[in-house]
């Protein structure tokens, strides 16, 4: 089963004094790029999340965000001893310089110092981060499952679109083969006219050289190989869609091969109807390639 590289999921939860909101989203990418925005003070959380995501995602730019909130009263005010020491040293230095300059400063109170930035800080109450991490990782399973379900649903829709486009490519290829068969007489007549011109314009013609030129003209007008390769590519693409899994790279490479054959068919066309079929093939292959870009 195919999976899309585009997906989204969100969850909310709570444990003890904490509540949180998850958001997991991804877009297409050539490789796997995991970006986790989670608190670094919860031991084992990021490593556990990476393990879970790596088990489900092969390619894509994936962003996982966690907004964690602590209930009021879950922490207590505490003095930042380092900041307090620095402030007191600075105040003593300021008072000394003021006295040297003959200035008198009003005495500072404890409340004045406590109001200074960085002196009082909110600290978490003793918290079992292992229990918090366990609760978060447990819900992460639900989050990833929801995200994966969306990608699988999108992948099924992509597969339907790609199967339809392959059927259209097959029909256009058959149309090109029919036109090529019908134009054989015209191609043969054109070759005869070209040979007659060469013979009329030259007194002495090298038979070997003439044979080589005729063979080259015939090859340039023959699209049998392109028709056969397009048919083979359709079969290969259908096999990949049936195989499922992480086949995005293979499908993308196959799109390049499809495009190469369509380009060659157009260059060999020498026929308005065949040229139109070739251009229709190129447009359809380009649309198909846009869809393939989203396949994991």
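The values are calculated or read from the model by the stated rules, or taken from the named source; none is laboratory data. The model shown is predicted, which means the values in this text are computed figures rather than measured ones. So basically every Cβ, Gly included, is an ideal-geometry build from the backbone, and we count neighbours across all protein chains shown.
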Restrict the check to segment 161-170 and report whether at least one residue is in contact with a strand residue (DSSP E or B) (Cβ under 9 Å, 6 or more places away or on another chain), buried (at least 17 other Cβ atoms within 10 Å of the Cβ) and within 23 Å of residue 53 (Cβ to Cβ).
no
If only one of 96, 51, 63, 12 is in a helix (DSSP H, G or I) and at pLDDT 90 or above, which one is it?
51
